[in-house]
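Input: a single structure, listed below in structure tokens.
The values are calculated or read from the model by the stated rules, or taken from the named source; none is laboratory data. All values reported here derive from a predicted model rather than from experimental measurement. Neighbour counts run over all protein chains shown; Cβ positions are idealised from the backbone, glycine included. Ligands, DNA and RNA are stripped out before the accessible areas are found, and what is left, the full protein with its side chains, is counted by its heavy atoms. Shrake-Rupley method; radii C 1.70, N 1.55, O 1.52, S 1.80 Å.
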Amino acid sequence: MDKTTTLLLLLFALLLTTSLSKDLCHKDDLSGSIPGSLSLLPKLEILDLSRNKLTGSIPESFGSFKGVMYALFLSHNQLSGSIPKSLENLDINQIDLSRNKLEGDASMLFGAQKTTHNIDLSRNMFQFNISMVKVSKTVNFLHLNHNGLTGTIPIQWTQLDLQIFNVSYNRLCGRIPQGGELQRFDAYAYLHNKCLCGAPLQSCK
């Protein structure tokens, strides 16, 4: 990590621990890796480091923030590697990891008992089977497009009150479940998969 990045993050940490501030937000000029020590900030509720030049992996410690986290925004960086398994413990309102170089399994971010509303994992290199992934009924924003996801869309997803939904540009197969909100989205939300079929795409053979 370069000195500029280190000093900026330490300054933010100092402000958070000595004031009433609950948000850590900085864009455009941060580089280097993300310090795992950010998870120790007791007042931190929103961490927004999107649209920077951050590299490396997501810290393992981000699965156990000291404070009560509300949102984690790390999009539009150059983060790489796998999602730490510790993030299975993370239950926050919004998580945006889009437009990075993250890979592997991200299924631990989901869970029927979680209270998450918005999940954006789009434009990464995630590869996992979504067939058995249960999504909390609180989720209404689900962007999974432009990855390497496999399997079929679970019937359980018809129970979601989705406002935004996109699983295009993956490797999904099978019939799109009928019912719920899944048919209110046009074909664009499902295009460029291996063999998805059924409304709003072509009928299954």
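Data for the structure
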| read-out | value |
| --- | --- |
| Protein accessible area in segment 3-197, 1.4 Å probe - carbon and sulfur % | 54 |
| Projected label distance in nm at residue 131 and residue 115, using a 7 Å step from Cα toward the beta-carbon | 3.4 |
| Ratio of Rg to Rh over segment 3-197 (Cα coordinates, Kirkwood Rh, two decimals) | 1.00 |
| Distance (nanometres) between label positions extended 7 Å along Cα→Cβ at residue 140 and residue 156 | 2.1 |
| Farthest positive-ward along the chain dipole, Cα basis, beta-carbon charges - from 139, 47, 168 | 168 |
| Charge dipole (debye, nearest 20) of the chain; +1 at Cβ of Lys and Arg, -1 at Cβ of Asp and Glu | 400 |
| Cα radius of gyration and Dmax for segment 39-137 (Å) | 12.7, 37 |
| Inter-probe distance in nm under a simple model that places probes 7 Å from Cα toward Cβ, at residue 31 and residue 181 | 4.0 |
| Normalised contact order of segment 3-197, rounded percent, pairs of Cα under 8 Å and 6 or more residues apart | 12 |
| MRE, 222 nm, helices only [DSSP H, n ≥ 4, -39500 (n - 2.57), over the chain, to nearest 500] | -2500 deg cm²/dmol |
| Three-way shape label, segment 96-205, alpha-carbon gyration tensor, a/c 1.5 | oblate |
| Computed lengthening from residue 163 to residue 89, 0.36 nm per intervening residue step minus Cα-Cα distance | 24.1 nm |
| Exceeding the 25 Å Cα-Cα cut-off - candidates 85/114; 85/137; 53/114; 85/134; 114/194 | 53/114; 114/194 |
